[in-house]
Amino acid sequence: MAKKNNEFAAALKQAGINRSAEVRTGAGQACDVLGKVNRSGLDPAAAQELAQLRQEVDRAETTYGQTHATADPQIAARAKHLTTVNTVRKLTQVLLLLLAVIVLFNEWWVAMVLLVVLIVGRLIARKWLVGQAQLLARQSTQPSAEALRTIGRPFGGLSDPSGLCARADALYWAGLDKHGKLLEQQRRRSRGTQPPRRAGSRKLPAVR
C-alpha cells in the first residue's frame with residue numbers, strides 16, 4: 001500500500017515540475033554555437049541558413065512557452081482533482097471499515113460483504129489513481145520533450161550534436177579556416193566526436 005501511495009505522490013510531483021529552465025538552457029546552447037560561427041567564412045547559402053537557424057531556435061522556445069502557458073494550468077487542475085479523489089477514496093475506506101465493525105455482531109454476512117467491497121474497491125481505485133497520475137506525468141513532459149528534441153544538443157564527450165544544434169554546429173565547422181578546422185578536428189577526436197555534416201548535404205571534406 002505504501003508503495004502505491006509513493007508511486008501516486010511521485011507521479012504527481014513529476015507532473016508539477018516546471019521544465020522551462022531546461023528548454024531555455026537548450027536554446028541557449030544552440031545560440032552559443034550560432035554565436036561562434038564565423039560569418040566571413042560562410043558562403044551565401046550557409047549565411048542564409050545561419051539566419052534561418054536563429055529564427056527556428058527562437059520559434060521552438062516560443063512555441064514551448066505558449067504550449068506550457070496553456071498546458072500548465074490544466075495539468076495543475078487535473079493533479080488537484082486526482083488528489084481530491086484520492087482523499088475521498090481514503091475516507092470511503094475508513095467509513096466502510098467502521099460500518100463493517102458496527103454491523104459485525106448483528107449481521108456478520110453484511111460485514112463480510114462490506115470487507116470484500118473494501119478490499120476489491122481499494123485495489124481497483126488505487127491502481128486507477130496511480131495510472132492516471134503516471135499518465136499525467138508523461139503528458140506534462142511532452143511540451144518540453146518536443147522542444148528539446150527540436151533544439152537538440154551540442155556536441156560533448158561521446159555525444160554527437162542533434163537537432164538544430166547539429167545544424168548550427170555544421171555551420172560553425174564550415175566557417176572555420178583550414179587551421180581552425182584542424183584544431184577542432186583534433187579536439188573532437190580526442191573527445192570521441194566527429195566533424196559534423198551539413199543537413200541535406202554530403203559529408204564535409206577532411207582537412208588537408
Pair list, Cβ under 7 Å, 6 or more apart: the range 109-125 residue open to solvent by less than 80 Å² (accessible area, probe 1.4 Å), other residue not in a helix (DSSP H, G or I): 111/104
Using the structure shown, decide if residue 49 is acidic (Asp, Glu) and within 15 Å of residue 140 (Cα to Cα). no
Extreme residue, modelled with the lowest pLDDT, among residues of the range 188-208 that are surrounded by 11 or more Cβ atoms within 10 Å (Cβ to Cβ) and not in a loop (DSSP other than H, G, I, E, B): 197
Tally up the residues in the range 56-67 that are open to solvent by less than 40 Å² (accessible area, probe 1.4 Å), under 16 Å from the mean Cα position of the chain (by Cα) and either farther than 28 Å from residue 175 by Cβ or not small (Gly, Ala, Ser) (or both), please. 2
Among the residues in the range 73-83, are any part of a helix (DSSP H, G or I), open to solvent by 80 Å² or more (accessible area, probe 1.4 Å), among the small types (Gly, Ala, Ser) and touching a residue at least 60 places away in the same chain (Cβ under 8 Å)? no
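Regarding residue 91, is this residue farther than 17 Å from residue 145 by Cβ, open to solvent by 60 Å² or more (accessible area, probe 1.4 Å), at pLDDT 90 or above and of a type in the set (A, V, I, L, M, F, W, C)?
Working: farther than 17 Å from residue 145 by Cβ: yes; open to solvent by 60 Å² or more (accessible area, probe 1.4 Å): yes; at pLDDT 90 or above: yes; of a type in the set (A, V, I, L, M, F, W, C): yes.
So residue 91 passes the test.
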Kindly check whether there is at least one residue in the range 37-55 that is crowded, with 17+ Cβ neighbours inside 10 Å, within 28 Å of residue 14 (Cβ to Cβ) and in contact (Cβ under 8 Å) with a residue 60 or more places away in the chain. no
What pairs come out if I take residues in the range 9-22 that are within 26 Å of residue 126 (Cα to Cα) and pair them with residues that are buried (at least 17 other Cβ atoms within 10 Å of the Cβ) and of a type in the set (Val, Ile, Thr) whose C-beta lies under 6 Å away, six or more apart or interchain? 15/75
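Each row is one residue, and each column tells you yes or no for (1) surrounded by 20 or more Cβ atoms within 10 Å (Cβ to Cβ); (2) outside any loop (DSSP other than H, G, I, E, B); (3) of a type in the set (Phe, Trp, Tyr).
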| site | (1), (2), (3) |
| --- | --- |
| 128 | no, yes, yes |
| 131 | no, yes, no |
| 135 | no, yes, no |
| 141 | no, yes, no |
| 146 | no, yes, no |
| 161 | yes, no, no |
| 167 | yes, yes, no |
| 172 | yes, yes, yes |
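Residue 100 - would you say it is touching a Leu at 6+ places or on another chain (Cβ under 7 Å), in contact (Cβ under 8 Å) with a residue 60 or more places away in the chain and surrounded by 13 or more Cβ atoms within 10 Å (Cβ to Cβ)?
Values: touching a Leu at 6+ places or on another chain (Cβ under 7 Å): yes; in contact (Cβ under 8 Å) with a residue 60 or more places away in the chain: no; surrounded by 13 or more Cβ atoms within 10 Å (Cβ to Cβ): yes.
No: the conditions fail for residue 100.
The values are calculated or read from the model by the stated rules, or taken from the named source; none is laboratory data. Not measured: the values here are computed from a predicted model. Please note: Cβ atoms are built from the backbone with ideal geometry, for glycine as well, and neighbour counts cover all protein chains shown. Surface accessibility is based on the protein's heavy atoms, side chains included, excluding ligands, DNA and RNA. Shrake-Rupley method; radii C 1.70, N 1.55, O 1.52, S 1.80 Å.
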